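Chemist: Quick one: the structure is below, questions incoming.
The values are calculated or read from the model by the stated rules, or taken from the named source; none is laboratory data. It should be emphasised that the depicted structure is a prediction, and the values quoted were computed from it without experimental measurement. Neighbour counts are summed over all protein chains in view; Cβ atoms, including those assigned to glycine, are modelled from backbone coordinates with ideal geometry. Side chains included, ligands, DNA and RNA excluded: accessible areas come from the protein's heavy atoms. Shrake-Rupley method; radii C 1.70, N 1.55, O 1.52, S 1.80 Å.
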Amino acid sequence: MVAKIIDGHAVARQVREECRAQVQALATRGVVPGLAVIMVGDNAASKVYVANKTKACAEVGLKSTVYSFDAETPGSVVEAEILRLNADPTVHGILVQLPLPAHFDARRVLGAISSDKDVDGFHLYNVGALVQGETVFPPCTPYGVQKMLEHEGIPVEGQNVVVVGASNIVGKPMALMLMQKDATVCICHAKTRDLAQFTILADILVVAAGRPNLIVPQMVRTGAVVIDVGINRLPDGRLVGDVDFEGVRQKASYITPVPGGVGPMTVTMLVYNTVQAAQRHSPL
Ligand code: NAD
């Protein structure tokens, strides 16, 4: 068996088309979805991520504004800016680009964002809502994975899902979202003993550990769906995921590449969440 490669760019294009149509409908009511991005410090990777986000917004017709602060800025100043943006009716989504400099209390800063504008879905209110299955803003990366599965018509109900990685931004919300869709979910992490004995049971294997080549063919069931969230830069400059792509694609039924898999979906779901927020703020 050779896996079908899920083209993240193609799925992302389709979701962005949907968003564009919604943006046009909002424009007839004089509403332009607005995203505020808070960036603190000079992290090179963060700058690239923020540039990608603002570009994606512009392509779909959203207005995005970046608020940049020096790394030495007191947390209270950033929080005050967030409170101002919370009250600004032209801003429908607010995100704080992580990581914040070490002296920041990230939970406190994220907690300042109105739960109605929390398009990254990291506010405790939205995390709690996700646990209860009532989430308003599903976190963008796992939401992107869910959209990819839907797009390919891959059923989730009753499937064995194994999520490798238990972070707050990917692994945990991913597991909750698929459990909500009636999958049987197992979460593995760095302390899991004998990872392979879990991964081999997976009908759908989602890997988000940040470890190149963590998943090799003998750990994957024949016909499994393999979603590689990992992004790793090798010493030779190549970008790879967590899965031995060439080996595992000989065994899986579907597989996502890196780059060009989950990555394009993450930024697209941010746009999607912002458009949904604008629609909720501006009912017909
Ligand atoms: P993280 O470091 O916060 O969490 C990693 C998780 O993987 C932890 O739960 C850890 O216990 C687990 N882990 C580490 N080594 C392991 C091992 N050997 N076996 C099993 N579990 C192990 O990372 P994160 O923010 O969740 O990101 C994970 C990966 O996904 C990274 O490569 C990151 O760059 C990538 N990522 C990609 C996107 C995207 O859009 N494609 C978005 C977010 C993160």
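Chemist: Counting Lys +1, Arg +1, Asp -1, Glu -1, what net charge surrounds Tyr272 among other residues with beta carbon under 15 Å of its beta carbon?
Modeler: Values: positive: Arg13, Arg16, Arg20, Lys53, Lys117, Lys147, Arg280; negative: Glu17, Glu18, Glu59, Asp118, Asp120, Glu150.
That sum, taken over residues with Cβ under 15 Å, equals +1.
Chemist: With a cut-off of 8 Å between alpha carbons and a minimum separation of six or more residues, what is the relative contact order of the range 1-75 in percent?
Modeler: Values: 60 pairs, mean separation 27.2, N = 75.
Across the range 1-75, relative contact order equals 36 percent.
Chemist: Residue by residue, what Karplus-based ³J(HN,Hα) values in Hz, rounded to whole numbers, does the range 169-181 have, using 6.51, -1.76 and 1.60 with θ = phi - 60° and x for Gly and Pro?
Modeler: So the J values, rounded to whole Hz, are 9, 10, x, 5, x, 4, 4, 5, 5, 7, 5, 4, 8.
Chemist: Which sequence of Glu246, Glu18 reflects their accessible areas, 1.4 Å probe, from the largest down? Mind showing how you got there, number by number?
Modeler: Details: Glu246 105, Glu18 80 Å².
Most to least solvent-accessible, the answer reads Glu246, Glu18.
Chemist: With a 1.4 Å probe and all protein chains in place, put Asp244, Asp70 in order of accessible area, largest first. All intermediate terms of the calculation are to be shown ahead of the outcome.
Modeler: Numbers: Asp244 40, Asp70 105 Å².
Sorted by accessible area, descending: Asp70, Asp244.
Chemist: In terms of modelled amide H atoms, which long-range or inter-chain residues lie less than 5 Å from the amide H of Lys251?
Modeler: Correct list: Ala3.
Chemist: Quick one: of the DSSP bridges fully inside the range 153-284, what percent are antiparallel, nearest 5? Walk me through the numbers before you get to the answer.
Modeler: On the way: 2 of 18 bridges.
Of those bridges, close to 10 percent are antiparallel.
Chemist: Stokes-Einstein D for the range 111-160 at 4 °C, 1.567 mPa s, Kirkwood Rh over Cα pairs, in µm²/s? Before the final figure, lay out each step's value.
Modeler: Details: Rh = 11.9 Å.
Here the translational diffusion coefficient equals 109 µm²/s.
Chemist: Using all C-alpha to C-alpha distances in the range 12-114, build P(r) with 5 Å bins and read off the rounded percent in each one.
Modeler: Histogram of Cα-Cα distances, whole percents per bin: 2, 12, 22, 21, 18, 12, 8, 4, 1.
Chemist: Place the peptides 145-155, 78-88 in order of packing, highest mean first, counting for every residue the other Cβ atoms within 10 Å and averaging per peptide. Numbers along the way, then the final one.
Modeler: Details: 145-155: 18.1, 78-88: 15.6.
Sorting 145-155, 78-88 by mean packing, highest first, produces 145-155, 78-88.
Chemist: Stick to the Cα atoms of the range 135-193, pair each with every other, and give me the Kirkwood hydrodynamic radius in Å at one decimal.
Modeler: Every distinct Cα pair counted, the radius reaches 11.7 Å.
Chemist: Output ³J(HN,Hα) for the range 51-59: one whole-Hz value per residue in order, computed from phi by the Karplus curve 6.51 cos²θ - 1.76 cosθ + 1.60 with θ = phi - 60°, and x for Gly and Pro.
Modeler: So the J values, rounded to whole Hz, are 4, 5, 5, 5, 5, 4, 4, 4, 4.
Chemist: Shifting gears a bit: Based only on Cα atoms, what mean projected area does the convex hull of the range 25-65 have, in nm²? Provide the component values of the computation, followed by the final result.
Modeler: Details: hull surface 11.6 nm².
One quarter of the hull surface, i.e. the mean projection, equals 2.9 nm².
Chemist: Now a separate question. Normalise the Debye intensity by I(0) for the chain, one equal point scatterer per Cα, no solvent, then take log10 at q = 0.09 Å⁻¹ and round to two decimals.
Modeler: Reported log10 I(q)/I(0), two decimals: -0.43.
Chemist: To continue, here is another question. Would you kindly compute the Cα radius of gyration of the range 198-240 and its largest Cα-Cα separation (Dmax), both in Å?
Modeler: Just the Cα atoms of the range 198-240 yield Rg and Dmax of 11.4, 34 Å.
Chemist: Let me ask something else about it. Please report, as a whole percent, how much of the solvent-accessible surface of the range 1-54 comes from carbon and sulfur atoms (probe radius 1.4 Å). Walk me through the numbers on the way to the answer.
Modeler: Details: 1560 of 2750 Å².
Carbon and sulfur together cover 57 percent of it.
Chemist: Thinking of the range 226-284 as a set of Cα atoms, what percent of all their pairs are more than 16 Å apart?
Modeler: Details: 984 of 1711 pairs.
Cα-Cα pairs of the range 226-284 separated by over 16 Å account for 58 percent.
Chemist: Then there's this: Only Cα pairs under 8 Å and at least 6 apart count here; give the relative contact order of the chain as a rounded whole percent.
Modeler: Working: 557 pairs, mean separation 68.2, N = 284.
About 24 percent, as a whole number.
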